[in-house]
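The values are calculated or read from the model by the stated rules, or taken from the named source; none is laboratory data. Predicted model only: the values in this text are computed from it and were never measured. Cβ atoms come from the backbone with ideal geometry, glycine included; neighbour counts cover every protein chain shown.
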Amino acid sequence: MSGLEKKIPANTLVDVLRQRAALQPDKVAYTFLVDGESEKINLTYLQLEQKAQAIATYIQSLCQPQARVLLLYPPGLGFIEAFFGCLYGGAIAIPAYPPRPNRSIDRIQSIIKSAEPALALTTNSIITNLQKKADRIPELKTLRWLATDNLELKYAQKWQETAIYQDDLAFLQYTSGSTAEPKGVKISHHNLLHNLEAIHSCFQHHSQSQGVIWLPPYHDMGLIGGILQPLYGDFPVTLMSPLMFLQNPLRWLKAISHYKATTSGGPNFAYDLCVQKFKPESFTDLDLSSWDVAFNGAEPINYETIEKFTKTFAPYGFRESAFYPCYGMAEATLIISGGVKQSKPLTKIVDSKQLEQNKIAISETETPNTRILVSCGHSLPDQTVTIINSDTMQPCKPGEIGEIWVSGSSIAHGYWNQPQATEKTFKAQIKNRESAHFLRTGDLGFIQQGELFVTGRLKDLIIIKGRNHYPQDIERTVEASSDFIRPGGTASFVVDGTGEEKLVILSEIERRYWDRRNKSQSNKASTNNLEKPDLKQLIRRQIAQNHDLQTHRILLLKPGSIPKTSSGKIQRHVCRNSFLSGDFQSLEVVNS
């Protein structure tokens, strides 16, 4: 029985933390690995509440209830303190990407223009960095700033409890912008608790659970699933920066092994990276046997990834049944569907040609003309998920692919200051059934025997000569064509080519080959060559053989060139716009 289940019902997360701090003041809630490995700092329930109250006191002295407060923090405990400070102060928190030196802060500017925050909370070092940019970025001058890292705890004594109602907004979750400009999703306190309870139930969390999370705290999966879910479920979590993970993905697995984590996960690409970087001789003491919820979401789930990860780490105690494919999005707070804990992922083998026509034909055996789809589980108990033909606005027939529509208590209140987008996305109605409103997810999929299968993104769908192609399938083909191509670093999209759509491929070169190229340049070798024969021709041939498509352009790029969201999704619309603007500089590949 969890700590929450032992106590009176909570209306907000403030109620939950107050109970935790009163009954278990010295219990460690959060551990942050500063270096991603051994250097760590802890935060107890009482310490978190005291810092939150101190920050809330400052917020209350400057802002009216439900004022918007921007949070600009690097991953760490300071962000968590500030987020709860907003909740305790009755404010609406706005988590945002922390600005990085010598990087554009266009996203922060657009968030400030959209949300018009009354206050910004951050650290002293970030304020120093932003002061250098204030003269050319007027939005920064309009804000009142507070560095909370040195805020004294004595202010907690002046905190005044604020009446918070379930329909009040807890925070604005600005979308990652994988298919469009980011929009502020309005998440209420009721949305938040409802979804946290859903995750708690699906994952079967309890007070003896243990989390390890590297996901960005300003992204819905990292914030709600990684930071707020452990506090809700009364179990500890160990956190690390996403940068520490990306520098060395195996730090993630080491932390799971060391802290005996039961719950951890991330997007599909994270599991791929671990397989790619793993060297058995370096991990003789790795133990993953405690891991019983390896959630996988935020992007299409590749069954090959599940197979490879299981095969690679089964000798270290990992079980395939630990994989927990799930589906969710910011507009639904987080989780929409999930599988059965400790059951192997459910799959379907489907005919690829029928998939191109938005139809599902199940095959008993795998062939070159089939594709394996992974179920994202079943819908939440008090929620409706349906598949709709986006042209007719009517339910799809069995065996047809359509847009996924969702209704339920976790669905957010719309987009901040965007009534037209809110009406289009959150107020959809099935034709001739105008009594209910649905969220249009923009994702494509189908339901079979109660299981939801997500096939792709509506706006990313590639349509050439009347046939549908999912970009993630093309991108996997490209990455499998050569070990010179960086996993998770390929984008595919179409451009108009004198009356018909033409396919464009952008692919990052593996870092070790990029480093070899730079070394050759320093030795006055050819300045724009990679020693690999006919790489572009190889990619063209593989795409033609696997997808019956001709490729218009292929650009080979240095590592890190492909724009991605905070959760690692390829921003294909940004890639397309940058390609059309001539922003990418392709490397030439010649015969060795």
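Here are some notes:
- Spans of strands (runs of 3 or more DSSP E) in the range 109-198 with at least 1 residues farther than 14 Å from L72 by Cβ: 169-174, 184-188
- Residue in the range 343-364 that is within 21 Å of the chain's Cα centre (by Cα) and at pLDDT below 95 present: yes
- Within the range 454-498, being under 23 Å from Y513 (Cβ atoms) and of a type in the set (F, W, Y) holds for one residue alone: F484.
- Test result for D285, farther than 16 Å from V212 by Cβ, modelled with pLDDT under 95 and under 18 Å from the mean Cα position of the chain (by Cα): no
- Any hit, the range 8-28, residues being within 26 Å of K254 (Cα to Cα), at pLDDT 95 or above and out of contact with any His (no Cβ under 7 Å at 6 or more places or on another chain): yes
- Flag if V340 is surrounded by 20 or more Cβ atoms within 10 Å (Cβ to Cβ), under 30 Å from G225 (Cβ atoms) and of a type in the set (A, V, I, L, M): no
- Members of the range 363-377 found to be of a type in the set (A, V, I, L, M, F, W, C) and either without any contact (Cβ under 8 Å) to a residue 40 or more places away in the chain or crowded, with 17+ Cβ neighbours inside 10 Å (or both), listed by number: L373, V374, C376
- Filter result for R467 (crowded, with 20+ Cβ neighbours inside 10 Å, basic (K, R) and under 30 Å from I362 (Cβ atoms)): no
- Just one of the numbered conditions (1) over 28 Å from L172 (Cα atoms); (2) part of a strand (DSSP E or B); (3) in contact (Cβ under 8 Å) with a residue 12 or more places away in the chain; (4) over 21 Å from the mean Cα position of the chain (by Cα) is not true of I474: (2).
- If only residues of the range 497-518 that are in a helix (DSSP H, G or I) and of a type in the set (D, E, K, R) are counted, the one that is modelled with the highest pLDDT is R511.
- Considering the range 334-434, the qualifying strands (runs of 3 or more DSSP E), each wholly inside and each with 3 or more residues that are of a type outside the set (D, E, K, R) and in contact with a Pro (Cβ under 8 Å, 6 or more places away or on another chain), run over 384-389.
- Check on L231, outside the structural domain of R576 (by TED's automatic domain parsing) and either under 19 Å from the mean Cα position of the chain (by Cα) or not in a helix (DSSP H, G or I) (or both): no
- Subset of the range 118-165 (residues that are within 28 Å of the chain's Cα centre (by Cα), of a type in the set (A, V, I, L, M, F, W, C) and farther than 20 Å from G90 by Cα): I126, I127, L130, L140
- Flag if Q173 is more than 25 Å from V574 (Cβ to Cβ), in contact with a strand residue (DSSP E or B) (Cβ under 8 Å, 6 or more places away or on another chain), assigned by TED's automatic domain parsing to the domain that holds I126 and in contact (Cβ under 8 Å) with a residue 12 or more places away in the chain: no
- Looking only at the range 479-496, and only at residues there that are among the hydroxyl-bearing types (S, T, Y) and either within 17 Å of L273 (Cβ to Cβ) or modelled with pLDDT under 90 (or both), the one that is surrounded by the fewest Cβ atoms within 10 Å (Cβ to Cβ): S482
- Considering only residues in the range 538-565 that are in a strand (DSSP E or B) and touching a Gly at 6+ places or on another chain (Cβ under 9 Å), the one that is surrounded by the most Cβ atoms within 10 Å (Cβ to Cβ) turns out to be L557.
- Scanning the range 199-213 for residues that are on the phi > 0 side of the Ramachandran plot and in a strand (DSSP E or B) yields no hits at all.
- Residue under evaluation E364, criteria (1) acidic (D, E); (2) farther than 30 Å from P217 by Cβ; (3) outside the structural domain of L452 (by TED's automatic domain parsing), criterion not met: (3)
- Sole exception among (1) part of a strand (DSSP E or B); (2) more than 28 Å from T392 (Cα to Cα); (3) of a type in the set (A, V, I, L, M) for L439, by number: (2)
- Checklist (1) touching a residue at least 40 places away in the same chain (Cβ under 8 Å); (2) assigned by TED's automatic domain parsing to the domain that holds I562; (3) not in a strand (DSSP E or B) applied to P487, failing item: (3)
- Unique match (being touching a helix residue (DSSP H, G or I) at 6+ places or on another chain (Cβ under 8 Å) and at pLDDT below 90) among N529, N523, N577: N529
- Within the span defined as the range 259-272, one or more residues are crowded, with 23+ Cβ neighbours inside 10 Å and more than 19 Å from the chain's Cα centre (by Cα).
- Pairs, first farther than 17 Å from F245 by Cβ in the range 270-293, second in a helix (DSSP H, G or I) and among the polar types (S, T, N, Q), C-beta under 7 Å, six or more apart: D287/S257
- Whichever residue in the range 331-361 is acidic (D, E) and in contact (Cβ under 8 Å) with a residue 40 or more places away in the chain and, among such residues, is nearest to P217 (Cα to Cα): E331
- Condition met for L380 (more than 30 Å from K277 (Cβ to Cβ), outside the structural domain of Y218 (by TED's automatic domain parsing) and crowded, with 16+ Cβ neighbours inside 10 Å): yes
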